[in-house]
Amino acid sequence: MRGRELILPQRRRKIPPQFSWVDHRLVRDGHVQGRSASALALYLFLVTVADADGLSWYADETLCRLLSCEAAHLHRDRDELRRAGLIAYRRPLYQVLDLAPDVAPVMPSAPRVRGEAVALGEIITSILGGAR
């Protein structure tokens, strides 16, 4: 097909041996809409460094240094991604979540509003004192 020639064939992208990619559903399913640029930078960083299960263990201080941000901004961006259902976080562990379109956002440690619906799993985890 004309127009599909590589501009720099010697730099053709190859899938690296480690697991790291960005799911096209991030854009297609509208997950980037309404997200701040700094939250998306954090998401890209986490996707890049995560293992095959989406897990990474970067400390706040390291993330702030690598992303050139202050701790308050990191916390804000992390909360934004958690509310959007893109990541889960339990210090010091981050998990990049699957982008399945039919899954509701997951907010395991978000503060609850009186009368708000809560997932059964969260209730059980809370009763057991956070043990899994």
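In table form, for the structure just shown:
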quantity: Positions within segment 64-94 being over 27 Å from D29 (Cα atoms) and assigned to a helix (DSSP H, G or I), in sequence order; calculated: C64, R65, L66, A71, A72
quantity: All positions within segment 87-101 that are without any contact (Cβ under 8 Å) to a residue 40 or more places away in the chain and either of a type in the set (A, V, I, L, M, F, W, C) or loosely packed, with under 10 Cβ neighbours inside 10 Å (or both); calculated: A88, R91, L93, A100
quantity: Residue within segment 116-130 that is modelled with pLDDT under 70, surrounded by 12 or more Cβ atoms within 10 Å (Cβ to Cβ) and not hydroxyl-bearing (S, T, Y) present; calculated: yes
quantity: Where a residue in segment 46-69 is among the aromatic types (F, W, Y) and its partner, wherever it lies, is assigned to a loop (DSSP other than H, G, I, E, B), with Cβ under 7 Å and at least six apart; calculated: W57/P92
quantity: Of all residues making up segment 2-34, the number that are modelled with pLDDT under 90 and in a loop (DSSP other than H, G, I, E, B); calculated: 20
quantity: Total residues in segment 35-56, condition modelled with pLDDT of 95 or more and either outside any helix (DSSP H, G or I) or loosely packed, with under 12 Cβ neighbours inside 10 Å (or both); calculated: 3
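The values are calculated or read from the model by the stated rules, or taken from the named source; none is laboratory data. Values in this document were obtained by computation on a predicted structure and should not be read as measured data. Cβ atoms come from the backbone with ideal geometry, glycine included; neighbour counts cover every protein chain shown.
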